[in-house]
1. What is the pair-distance distribution P(r) of segment A:263-308, computed from all Cα-Cα distances in 5 Å bins starting at 0, with each bin given as a whole percent?
2. Whole-Hz Karplus ³J(HN,Hα) for segment A:121-127, in order, using 6.51 cos²θ - 1.76 cosθ + 1.60 and θ = phi - 60°, x for Gly and Pro?
3. How much length is gained if the chain between A:F24 and A:R722 is pulled fully straight, taking 0.36 nm per residue apart and subtracting their Cα-Cα distance, in nm to one decimal?
4. In square angstrom, what is the accessible area per residue of segment A:4-417 with a 1.4 angstrom probe?
5. Between beta-carbons, use under 15 Å as the cut-off and find the net charge around C:W37, counting Lys and Arg +1, Asp and Glu -1.
6. What FRET efficiency do you get for A:V235 and C:L20 if R0 is 22 Å and r is their Cβ-Cβ distance, rounded to the nearest 0.05?
7. Taking the Cβ-Cβ separation of A:Q851 and C:L6 as r and a Förster radius of 51 Å, what is the calculated FRET efficiency to the nearest 0.05?
8. Taking all protein chains as present, what is the carbon and sulfur share of the accessible area of chain B, in % to the nearest whole number, probe 1.4 Å?
Amino acid sequence: MLPGWLIVAASFSYLLVLFAVAYFGDRRADQGRSIISNAWTYALSIAVYCTAWTYFGSVGRAASGGIWFLPTYLGPTLAMSLAWLVVLKMIRIARTHRITSIADFVASRYGKSHLLGGLVTIIAVVGTVPYIALQLKAISSGYGLLVGELGALRDGEGAVDSGWWTDGTLYIALTLALFTILFGTRHLDTTERHEGMVAAIAFESVVKLLAFLAVGIYVTFVLYDGFGDLYARAVAEPDLAGVLVFDGTGSIGYGGWFAHVVLAGLAVIFLPRQFQIMVVENVNEQHLRRATWLFPAYLLAINIFVIPIALGGLLHFGRGTVDPDTFVLTLPLAHDQAALALLVFVGGLSAATGMVIVEAIALSTMVCNDLVMPMLLHVRRFGLAARRDLTGLLLGIRRGAIVVVLLLGYLYFRLAGEAYALVSIGLISFAAVAQFAPAVLGGMYWRGGTREGALAGLSAGFAVWAYTLLLPSFAKSGWLARDFLDAGPFGIGLLMPEQLFGLGGIDNVSHALFWSLLANIGCYLGVSLLRAPTGQEASQGTLFVDIFRRGESVPTSFWRAGAEVRELLPLVARFLGERRTRDAFAAYARSHGLSGIDQLKADPELVHFAETLLAGAIGSASARVMVSTVVKEEPLGLDEVMNILDEASQVRAYSHQLEEKSRALEAATAELRAANEQLKELDRLKDDFMSSVTHELRTPLTSIRALSEMMVDDPDIDIDSRQRFLGIIVSETERLSRLVNQVLDLAKIESGHAEWHNTDLDMRELVQHAVETTAQLMRDRGAIVELALPDAVPSLRADRDRLLQVVLNLLSNAAKFVPVPGGKVWVSLGCDGERIRVDVRDNGPGIPPAQQGVVFEKFRQGGDSLSRPQGTGLGLPISRQIVEHFGGRLWLESTPGEGATFSFELPLASAAADQ
Amino acid sequence: MAKKILIADDEPNIVISLEFLMKREGFDVLIANDGDEAVQRIRGDRPDLVLLDVMMPKKSGFEVCQEIKSDPALADIRILMLTAKGRDTEVAKGLALGADAYMTKPFATKELVERVRELLER
Amino acid sequence: MMRKGLAGQRLVAVFLAGVLLFDFPLLSLFDRPLRVWGVPLLHFYVFVVWAALILVIAWIAERGAR
């Protein structure tokens, strides 16, 4: 089909492009112009989740079970919906504590334990090295398909079966090791970020997506006539009916579906490579926002054509001839589309290499920091202490680890071949890393977890996983006797690995997930609750759980003693290199307002800083051990940690109180300001009132004084004038007394000191009386009064004199404003059973709308100066006060030119009636 | 020739007393009962002096004063403001608007006559 | 900060909705021999719900970013 040299050339050209991208990424990072500091790059790099297993295996899975390939992608979609809550917290914790791997995360959380870090590393290596082997196998068999005869492949066997030295896969593995070493361990960095590598991974994500979409479109729209056509043909084949319904194989059921969704959701966070890309390589927390939807969208896009390709393959080849895992390659090959097949192969190559590279970096960091370093610290402590510069040693360990991990993967691939243990490793691997979930999530949200609890949980979960998944996979591959699988160890049926304690009816992965997580969570919680956390655990627990709540006042470390700078600096320099260390310390000094390293004080904060720097390079547990060699202090007891935390929480509580108080103070100030405004307003009103009263008093006084003075000064004034003047004086004096009385009256009513003499009174009689009282006044003005009284009204309990005052006031007002001659006043009384109403209407000039509200204000008389009668301007305000006192209201209706109607109504049952 | 004096006030009794007082002192007396009428009278009859009440309907004494003083043709007309509101701010406002003198009600008749003569001799 | 709290609650709600929509018993309602535009109802349902969830997550996450 295709010549081997062409495929090899294409593969290595592709890898060269990858090198170029990574090199460019690193160059840009060194220049400070990062290309990965970009939400799109970040989201694309997370798609390293889609490996060759996805690329080839999804179609295979769909061909046998329909939509059963989907839980692997639905789980991550659901998990990413919570990423903004969970992963963000992991990123923040990792950044704060310079955590560089999931092993370090667990170790650091539970008191910086070497043992825990080592255990997590071992689980990760055991769980994922076979997964690497799977990627190599995918590359290898893809190569075989492209060079081999299609017919020869119908037995589903890879073409490569000659000596290992001629095996291109080995060279691929070695090239990948070289790439990983070049871009994964270029230098030691305290953050363990690899910008070039991430750029290359994002690039690979694009390549594999485009390649898969290309073959999908080819199959769906070129070979067939779209989705509808494919499905229509599939429906016609009874053989394919199983692909179209939920549980075509009828074995797993909805429980298994749910378990697979959960499993994939956990894996997308806890796979070492996912942790590396999502948490460690994250440049900016805000990038996570886009990843929460873009990564699921990527998964959706790469899966749209999975079922069409599976259907297309099955329709073309039939069942049982060609391995469905190879449909993406064999379909184009069968139609002589060599170029497309090559593109698909490159896409698969990118899916495989991306996974291998990131996994190798993540594993090498873990192996170095959590496995090898602790051993060196233990075994050759003095030897380590004697060496000046350890950066070379550290890099050496990492590079060695990368080569070993990849060679292990290659070895497993050669040994396992087509065995079940390799083919099914995808989900087995997922189940292994799911064991990290209780310790990690528990550690992020629960302060009570202890080192022993985490150890017990991880060990138990790992053991159950190995017993229920790993060993059976070995047995199915023929490496172990099947007896133990079919009858249980020593013939004990209850211990059958795939039907533990008789639990049957679910698939092996769901079965293993259930038992392993049960054991894991049970032991984690149970053992953690056996004792209270130690000081170390409590302090780390608080730092992890409260990462978002941590204010300035909470300590970041629990070192009590300081250490000499001249001891700390060389210690860090031995692992990070002299120049990098000096730079870091100098930056620290600057951020504390000091001019240089010489001025640094040897305080606990500096010790913590040094420890964090070291943690990035050698892991938190080792960093703690190294720093303690120069600090020399006894470990903190629980009481001391609790004291520190208490102090911190007291400070926090105190500052909270202060905030509360200052808020209360602000509120009080606002209230006072409002009250002050109100007082000012009242004061202004009082001033206005006083000013008005003064004016009203002075006006009559002016005439009185002027006229009296003139009469005193000039005895010759004729008798008529004297008579006139004296008349004016008398009337002005009356006006004065009336004013004084009314002002006092109003003041009394307003202040509530007025006396009310309530009696049962008949309003008919009262109105009648008022009209009679004003009869003379009306006659003087030439006005006619029309009175309309009902036959009877209910009696009302009120102060008779006061109400009379109101009616008189309204009548005299009317009298003042009616035209002379021709004045007319209508008075009517009515009752609707609840209220009694009095209307006084005149045919005067009326009151313009603008003035209608004003007439009820004090000292505001209506009318112009000529017609304005003798009045104080207090009559209506007082009347209104009286009516309102009895629970009624007084109002005015008027159209200018057509007179005015003043009305008031009083409730028959008045609340104030008995006062 | 006798000087003309305009009395602008809306209180009839005060007008009566002022009219009598001014006539007795030998002045010609004109009368206005509100602000508008006062302005008309001033423009039409050109009095030598106005006794101007502040609190009047239609146009307050302040407005009348401002209108007169801003018209150069009427600038030589003396204005004596009378008010029943004795607050200092009122006095200051009146003087600022160009009134020539200011008296609070109730006033001593002798004093008023003295101020009127004084203003007319200036 | 208020925003973040609200977005967080919305995301949890989306997560719960997703768990419900993608599992028994709701999923079983769509496992019928019907076809929408030629596509089996089950496949159509899963992909449409999936796309809708992604859109909602995108809306919540990107809105919070502004």
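The values are calculated or read from the model by the stated rules, or taken from the named source; none is laboratory data. All figures in this text were calculated on a predicted structure; none of them were measured in a lab. Counting neighbours? That spans all protein chains shown, and the Cβs are built from the backbone with ideal geometry, glycine included. We work out accessible area using only protein heavy atoms, side chains counted, and drop any ligands, DNA or RNA first. Shrake-Rupley method; radii C 1.70, N 1.55, O 1.52, S 1.80 Å.
1. 5, 18, 20, 28, 16, 8, 3, 1
2. Rounded to whole hertz, the list is 4, 5, 4, 4, 5, 4, x.
3. Working: separation 698, 0.36 × 698 = 251.28 nm, distance 11.71 nm.
Using 0.36 nm per residue and subtracting the Cα-Cα distance, I get 239.6 nm.
4. 31 Å²
5. Working: positive: C:R35; negative: A:D225, A:D229.
Here the count lands on -1.
6. The computed FRET efficiency comes out at 0.15.
7. Details: r = 54 Å, r/R0 = 1.05.
Rounded to the nearest 0.05, the efficiency is 0.45.
8. 47 percent
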